[in-house]
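Below is one structure, written out as structure tokens; comments come after it.
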Amino acid sequence: MSEERMVFKAEVSRLLNIVVHALYSQKEIFLRELISNASDACDKLRYEALTTPELTGDDSDFRIDVASDPKGRTITVTDNGIGMSRDELIENLGTIAQSGTAAFIESLEAQDGRKDALAQIGQFGVGFYSAFMVAQMVEVVSRKAGSEEAFCWRSDGRGAFSIEEASSGKRGTSVTLYLKQGEDTYLSDDPLRSIIKHYSDHIAMPVYLNEGDAPVNQASALWLRPKNEITQEQYNEFYHHVGHAFDEPSLTLHWRAEGKIEYHALLFVPKSKPYDLFNPKRRHSVKLYVKRVFITDEAEGLAPPYLRFLRGVIDSEDLPLNVSREMLQNNPVLAKIRQGVTRHVLGDLLKYSKKTDEYDAFWGNFGAVLKEGIYEDSEHRETLLKLLRFSTTESDKLTSLADYAARMKKDQKAIYYLNGDSPETLAASPHLEGFKARGIEVLLLTEPVDDFWPAAAGSYEDKPFQSVTRAGQDLDLIAPLEEKDKEKDRAPDDEIDALIASMKLALGGQVKDVRVTVRLTESPVCLATDEGDLDIHLERFLKQHGQIKKASVRILEINPHHPLIRRMAVMKNEDDLKDISAILLDQARLLDGGTLENPAQFTSRLSAILAKVV
């Protein structure tokens, strides 16, 4: 087959330009990335060979070779791993469609600092492209295990690549870098040996340099070493390898479980939010090993979905070495490992939460995911509730439920919260007015998951969670306003009673009821949720996603102290009263983040009323 030339997808071309010219402050990272990819290829073949031993044949000793050629000015990284087919070469090296988008590239281009941008690129597992920092041409020759065909992928990183048949006597992959002028440092043994020791000492595969007799790295599984023999720098480098990341871990968890079930765990909490955190499949990125043999990075039962931000390795001594991915789904040993991992990680996060500033940063990245566990994992719900942090109406800092409970008013029985789309929307909500006036703290919830977990949790330390949109809040029993404030400029009861009757008649079935409220201090009206009805924000969310078709009829609450309500209470023109009542109902809907049912009618009514007062 003759050479076939192809064009990189547009986002790959842009990515290459960013990688080469903007992101990396340490060019030597390219070697780490190539060795990590080679190690992964060996891991994958070792697993496949458990059930298909003929894939390895007489070459079952996995290794990685790094060779430099000063005369030809090349560096070659070779592995005897699983290899790639022609289609896999095109898919893995010619596109990032499975792990990135044009939006990702645009976000990189918008980065002001290299460090943040570097962390982002690490989330997408595209470190292979770092080779173009030092190479004017990259050539990849690969033969997939079990195949007799080999292919060569070649590119100068300027927008196109070619692929053609090649001859290769051995399975695996060789990546050859034709170095740019000025990059001769990487042709000498000492710098290469230093880079391999620094970045790849933790790799479980032996790495040989220029056909040396002994591997340059320790070639032992880092997670099996005693903690007191491992430096934080070594932990960090292993995190970079196993998580395909460029940031530093915010938390390192390393332990050995002994007893009925034995396993080693080395897990990391990233400092940066992974790009696929909210992937609908909600998969974690923890690799499962059995007796140091890689099995899968898709063991669904290894960690709960709400801990999917974890990166790392779990190595079991009790699972059979030839366990299949299908068998893992219902394996009782895996269920026990998952239970132990969950308990250990949550326990360490609880300790970590005492480091306020660091934990607040963690919460900003992963809090929304952790909340999913409250309605998914009743066994660990009590611990998860202790880990929650909130913005509130009474504190500039993130607040725990324990801190909120300590600040509750003497006669306050419930933990109050308000859902909304953004902090700005919540800040303007009329539902908060009465609470703010009385100094009653309210949790401000803006994540989609916040619509669901309070009902699942029910309560915290016997204090029920209650939305402030619920009708019948008797705030004066908790913290009564001063008498002068309560009676200030209030319309007489008989006038208010008559107004309520008129508004009910005017609005008809658009409202369930019209009531006086103490929750309002500045706004004339608001909508309230009756007992048994869905919360306003949750109902709108479900309606947007097609889960419900018809919205509930709400209660309209009025503020008898507001000048407009007082004027309406003495209004004689029934038509004007009807129009103003309808306008106020639409206003209340808008303030709750809803939409107008009939914008034209709203505009017409508003114009008519304005014409009479201008």
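The values are calculated or read from the model by the stated rules, or taken from the named source; none is laboratory data. Since the structure is predicted, the reported quantities are computational estimates derived from the model, not experimental observations. Every residue, glycine among them, receives a Cβ derived from its backbone with ideal geometry; neighbour counts consider all protein chains shown. Heads up: the accessible areas ignore ligands, DNA and RNA and are worked out on the full protein's heavy atoms, side chains in. Shrake-Rupley method; radii C 1.70, N 1.55, O 1.52, S 1.80 Å.
Observations on the structure shown:
Listed here are the residues, each with its yes/no results for (1) among the hydrophobic types (A, V, I, L, M, F, W, C); (2) outside any helix (DSSP H, G or I).
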residue: Leu288; (1), (2): yes, yes
residue: Ile295; (1), (2): yes, yes
residue: Gly312; (1), (2): no, yes
residue: Asn330; (1), (2): no, yes
residue: Ile337; (1), (2): yes, no
residue: Asp357; (1), (2): no, no
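- Considering region 214-227, the residues that are part of a helix (DSSP H, G or I) and in contact (Cβ under 8 Å) with a residue 60 or more places away in the chain include one that is nearest to Ile35 (Cα to Cα), namely Trp223.
- Of all residues in region 545-573, those that are in contact with a Cys (Cβ under 7 Å, 6 or more places away or on another chain) and assigned to a loop (DSSP other than H, G, I, E, B) total 0.
- Filtered residue count, region 486-544, keeping only those that are of a type outside the set (A, V, I, L, M, F, W, C) and in a strand (DSSP E or B): 4
- Condition check for Thr603: without any contact (Cβ under 8 Å) to a residue 60 or more places away in the chain, closer than 29 Å to Gly532 by Cα and exposed (fewer than 14 other Cβ atoms within 10 Å of the Cβ): no
- Qualifying residue in region 423-432 (condition: touching an Asp or Glu at 6+ places or on another chain (Cβ under 9 Å), farther than 30 Å from Thr595 by Cα and surrounded by 16 or more Cβ atoms within 10 Å (Cβ to Cβ)): no
- Taking the criterion of being open to solvent by 60 Å² or more (accessible area, probe 1.4 Å), in a loop (DSSP other than H, G, I, E, B) and in contact with a strand residue (DSSP E or B) (Cβ under 8 Å, 6 or more places away or on another chain), the residues of region 157-179 that qualify are Ser167, Lys170.
- Any chance Asp476 is open to solvent by 30 Å² or more (accessible area, probe 1.4 Å), modelled with pLDDT of 95 or more and not in a loop (DSSP other than H, G, I, E, B): no
- Residues of region 551-577 that turn out to be touching a residue at least 40 places away in the same chain (Cβ under 8 Å), among the charged types (D, E, K, R) and surrounded by fewer than 17 Cβ atoms within 10 Å (Cβ to Cβ), as a count: 1
- Condition broken by Arg311, with the remaining ones in (1) open to solvent by 40 Å² or more (accessible area, probe 1.4 Å); (2) basic (Lys, Arg); (3) under 30 Å from Glu48 (Cα atoms) satisfied: (1)
- Just one of the numbered conditions (1) in contact with a strand residue (DSSP E or B) (Cβ under 6 Å, 6 or more places away or on another chain); (2) not in a strand (DSSP E or B) is not true of Leu596: (1).
- Options Arg519, Arg490; residue that is among the charged types (D, E, K, R), touching a residue at least 40 places away in the same chain (Cβ under 8 Å) and surrounded by 21 or more Cβ atoms within 10 Å (Cβ to Cβ): Arg519
- Residue in region 362-384 that is of a type in the set (Phe, Trp, Tyr), touching a residue at least 60 places away in the same chain (Cβ under 8 Å) and open to solvent by less than 40 Å² (accessible area, probe 1.4 Å) present: yes
- For region 184-202, a residue qualifies if it is outside any helix (DSSP H, G or I) and open to solvent by 20 Å² or more (accessible area, probe 1.4 Å), and exactly one does: Ser188.
- Tallying residues that are out of contact with any Cys (no Cβ under 9 Å at 6 or more places or on another chain), open to solvent by 50 Å² or more (accessible area, probe 1.4 Å) and of a type in the set (Lys, Arg) within region 46-91 yields 3.
- Any hit, region 203-213, residues being surrounded by 15 or more Cβ atoms within 10 Å (Cβ to Cβ), of a type outside the set (Ser, Thr, Tyr), over 19 Å from Ala38 (Cβ atoms) and touching a residue at least 12 places away in the same chain (Cβ under 8 Å): no
- Qualifying residue in region 427-444 (condition: of a type in the set (S, T, N, Q), out of contact with any Pro (no Cβ under 7 Å at 6 or more places or on another chain) and in contact (Cβ under 8 Å) with a residue 24 or more places away in the chain): yes
- Residues (of a type in the set (Ser, Thr, Tyr) and surrounded by 19 or more Cβ atoms within 10 Å (Cβ to Cβ)) located in region 236-271: Tyr239, Thr252, Tyr263
- Verdict on Leu564 being modelled with pLDDT of 90 or more, farther than 16 Å from Ala491 by Cα and of a type outside the set (Val, Ile, Thr): no
- Whichever residue in region 297-310 is closer than 14 Å to Val341 by Cβ and in a loop (DSSP other than H, G, I, E, B) and, among such residues, is farthest from the chain's Cα centre (by Cα): Ala299
- Region 20-41, residues that are at pLDDT below 60, part of a helix (DSSP H, G or I) and open to solvent by less than 40 Å² (accessible area, probe 1.4 Å): Leu23
- Some residue of region 443-457 being modelled with pLDDT of 85 or more, in a strand (DSSP E or B), open to solvent by less than 10 Å² (accessible area, probe 1.4 Å) and closer than 18 Å to Glu557 by Cβ: no
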